[in-house]
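A short write-up of the structure that comes next.
The values are calculated or read from the model by the stated rules, or taken from the named source; none is laboratory data. Fair warning: this is a prediction, and the values are worked out from it, not measured in the lab. Positions of Cβ are backbone-derived with ideal geometry, glycine not excepted, and every protein chain shown enters the neighbour counts. Areas reflect the complete protein model, heavy atoms only, side chains present, ligands, DNA and RNA absent. Shrake-Rupley method; radii C 1.70, N 1.55, O 1.52, S 1.80 Å.
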Amino acid sequence: MDGLVIKPKWADMILSGVKTWEIRGSKAHKRGTIGIIKSGSGLVYGTVELMS
């Protein structure tokens, strides 16, 4: 499984459904289910569907 490393504050908002968009500096080429990893932890806290 691929993962996206995000600062804990933003990861919590994404996983709770408050934040539905994540704007990055470069385009992600992966689609489908990816893990959300809080930076500094190395642990997957949940999964999301990455769509185009």
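Computed quantities for the displayed model
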read-out: Globularity index of the chain, i.e. its alpha-carbon radius of gyration over 2.2 N^0.38 Å; value: 1.04
read-out: Summed side-chain charge close to residue 45 - residues other than residue 45 whose Cβ falls under 11 Å, Lys, Arg +1, Asp, Glu -1; value: 0
read-out: Size of charge dipole - the chain - debye, nearest 20, with Cβ of Lys, Arg +1 and Asp, Glu -1, no other charges; value: 160 debye
read-out: Estimated vicinal HN-Hα couplings, Hz - the range 37-44 in sequence order (Karplus 6.51, -1.76, 1.60; Gly, Pro = x); value: 10, 6, 4, x, 9, x, 10, 7
read-out: Accessible area per residue in Å² at 1.4 Å probe, computed on the chain; value: 78 Å²
read-out: Carbon plus sulfur fraction of accessible area for the chain, probe 1.4 Å, in percent; value: 57 percent
